[in-house]
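Asker: I'd like to ask you about the structure that follows.
The values are calculated or read from the model by the stated rules, or taken from the named source; none is laboratory data. These figures come from a predicted structure and were not determined experimentally. We place every Cβ from the backbone using ideal geometry, glycine too, and count neighbours over all the protein chains shown.
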Amino acid sequence: MADLKYLTYVTLGRGLKSVFNIVSPRKLDPSRETSDVKLMMFCGKSGTKMLKPVLISIYKRWKKIPKVVIVTDGTDVDQIKESVTFWPYPLTVKTWKDCADYFAKQNKKDLVAYAEKNIWGKKLISILAEGEQAPTLYCDTDVLWFDEPSLPRDNSVPIRMASDDLHCYSEPMIHYFKTDDLLKKNPLNAGVIYVNGSMFNRYKDFDKVTKYLSEHYDNRTEQTTFAMLANEIGDRWSLNDILLTTEDTYRPFPSYYGKDKKHFARHHVSTKKWWFWRDAIYVVMSGKNGTVKK
């Protein structure tokens, strides 16, 4: 029965995706005001189909258009570029190796080794490289925006993370670095991250962390690393800022639409195959703060 329900909703999601492709604009007005905010995404082949919904949600809901950087996981750069030809604003596409080269020149061999071995290491090194070169807001390709996000106003907050609804950390890594307090605090999620400056300079013994990553990585060490950083030297957005929930997985009518809702984004961790496309349609068909486009 559970499998049947899942297949039913996957089929629904495919239909919603088709509707989005029909109602989404083929061209965007290139005259919108731009900002100095740098928005980064890490993207592979499977994520290319979600780039347009994410970028359109930014176009529709942010006051100004950010500078977009897309870092690939090894997927051909031209393939990424082909998927964003509709975007008339500043956009750079590079590979994770470009970001790894940045740290290779600093002789950060362990961090580079982690990226070479693990897909999440590629994401981590890309975010750290971009954030070290300029303040960077990162989001996964399954994050849709309902409003412009709140960002730190000064350099006193080098990292800010989204919240999660459960702990998804590498427990061996937590125990190794004696950061068990992370399991006693509200969980953090690496789907939306703000990074400003060098974590090697701001976090004590970060070289030891990257040494561990190069030797003992798993699928949760990347998120655990960011959580350790945010817990020690940064802060977080709450679940009231960035919605992340599994409660409505099989519930078609959202409770977070409307002017009185304060979420500025939703991270579709478990519902990206169906409600991501529903929300993308909602953003396309509505104006700022949920007002219906006339």
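Asker: Within the range 131-161, how many residues turn out to be in contact with a helix residue (DSSP H, G or I) (Cβ under 9 Å, 6 or more places away or on another chain) and in a loop (DSSP other than H, G, I, E, B)?
Answerer: Residues flagged as in contact with a helix residue (DSSP H, G or I) (Cβ under 9 Å, 6 or more places away or on another chain) and in a loop (DSSP other than H, G, I, E, B) within the range 131-161 amount to 8.
Asker: Would you check which residues across the range 208-240 are surrounded by fewer than 19 Cβ atoms within 10 Å (Cβ to Cβ), in contact with a Phe, Trp or Tyr (Cβ under 8 Å, 6 or more places away or on another chain) and under 30 Å from residue 5 (Cα atoms) and list them?
Answerer: 219, the sole residue that qualifies.
Asker: Taking the criterion of being acidic (Asp, Glu), surrounded by fewer than 18 Cβ atoms within 10 Å (Cβ to Cβ), within 15 Å of the chain's Cα centre (by Cα) and on the phi < 0 side of the Ramachandran plot, would at least one residue in the range 135-157 satisfy it?
Answerer: At the first step, the residues of the range 135-157 found to be acidic (Asp, Glu) are 140, 142, 147-148, 154.
Right, trim to surrounded by fewer than 18 Cβ atoms within 10 Å (Cβ to Cβ) and you get 148, 154.
If we keep only those that are within 15 Å of the chain's Cα centre (by Cα) as well, we get 148.
Now drop any that are not on the phi < 0 side of the Ramachandran plot, which leaves 148.
Among the residues of the range 135-157, at least one is acidic (Asp, Glu), surrounded by fewer than 18 Cβ atoms within 10 Å (Cβ to Cβ), within 15 Å of the chain's Cα centre (by Cα) and on the phi < 0 side of the Ramachandran plot, which makes the answer yes.
Asker: Ok, one more. Across the range 229-277, what is the total count of residues that are in contact with a Leu (Cβ under 7 Å, 6 or more places away or on another chain) and among the hydroxyl-bearing types (Ser, Thr, Tyr)?
Answerer: Within the range 229-277, residues that are in contact with a Leu (Cβ under 7 Å, 6 or more places away or on another chain) and among the hydroxyl-bearing types (Ser, Thr, Tyr) number 1.
Asker: Looking at this structure, is residue 35 assigned to a helix (DSSP H, G or I) and either touching a Leu at 6+ places or on another chain (Cβ under 7 Å) or polar (S, T, N, Q) (or both)?
Answerer: no
Asker: Kindly provide the set of residues from the range 246-283 that are touching a His at 6+ places or on another chain (Cβ under 7 Å) and either among the β-branched types (Val, Ile, Thr) or not in a loop (DSSP other than H, G, I, E, B) (or both), ordered by number.
Answerer: 275, 276, listed by residue number.
Asker: Continuing with this model, one more query. Does residue 95 count as touching a residue at least 24 places away in the same chain (Cβ under 8 Å) and touching a Ser or Thr at 6+ places or on another chain (Cβ under 8 Å)? Walk me through how you get there before you give the answer.
Answerer: Working: touching a residue at least 24 places away in the same chain (Cβ under 8 Å): yes; touching a Ser or Thr at 6+ places or on another chain (Cβ under 8 Å): yes.
Against the criterion (touching a residue at least 24 places away in the same chain (Cβ under 8 Å) and touching a Ser or Thr at 6+ places or on another chain (Cβ under 8 Å)), residue 95 qualifies.
Asker: For the subset of the range 38-88 comprising residues that are among the aromatic types (Phe, Trp, Tyr) and in a loop (DSSP other than H, G, I, E, B), which member is nearest to residue 146 (Cα to Cα)?
Answerer: Looking at residues that are among the aromatic types (Phe, Trp, Tyr) and in a loop (DSSP other than H, G, I, E, B), I get 62.
Per-residue answers, yes or no, for (1) at pLDDT below 95; (2) within 21 Å of residue 257 (Cα to Cα); (3) loosely packed, with under 11 Cβ neighbours inside 10 Å:
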position	(1), (2), (3)
9	yes, yes, no
29	yes, no, yes
50	no, yes, no
56	no, yes, no
59	no, yes, no
70	no, no, no
79	no, no, no
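Asker: Test residue 250 against the stated conditions and say whether it is farther than 20 Å from residue 131 by Cβ, modelled with pLDDT under 90, in contact with a helix residue (DSSP H, G or I) (Cβ under 7 Å, 6 or more places away or on another chain) and of a type in the set (Ser, Thr, Tyr).
Answerer: No: the conditions fail for residue 250.
Asker: Any idea which of (1) in a helix (DSSP H, G or I); (2) under 21 Å from residue 151 (Cβ atoms); (3) of a type in the set (S, T, N, Q) is the one residue 210 doesn't satisfy?
Answerer: (2)
Asker: From 128, 124, which residue is surrounded by 22 or more Cβ atoms within 10 Å (Cβ to Cβ), in a helix (DSSP H, G or I) and in contact with a Ser or Thr (Cβ under 7 Å, 6 or more places away or on another chain)?
Answerer: 124
Asker: Do any residues in the range 46-61 that are farther than 15 Å from residue 192 by Cβ have Cβ atoms under 6 Å from those of residues that are assigned to a helix (DSSP H, G or I) and among the polar types (S, T, N, Q), where the two are at least six apart or on different chains, and which pairs are they?
Answerer: As it stands, the answer is 48/83; 51/83, since those pairs meet every condition given.
Asker: When residues of the range 226-245 are filtered for being assigned to a helix (DSSP H, G or I) and under 11 Å from residue 161 (Cβ atoms), how many remain?
Answerer: 6
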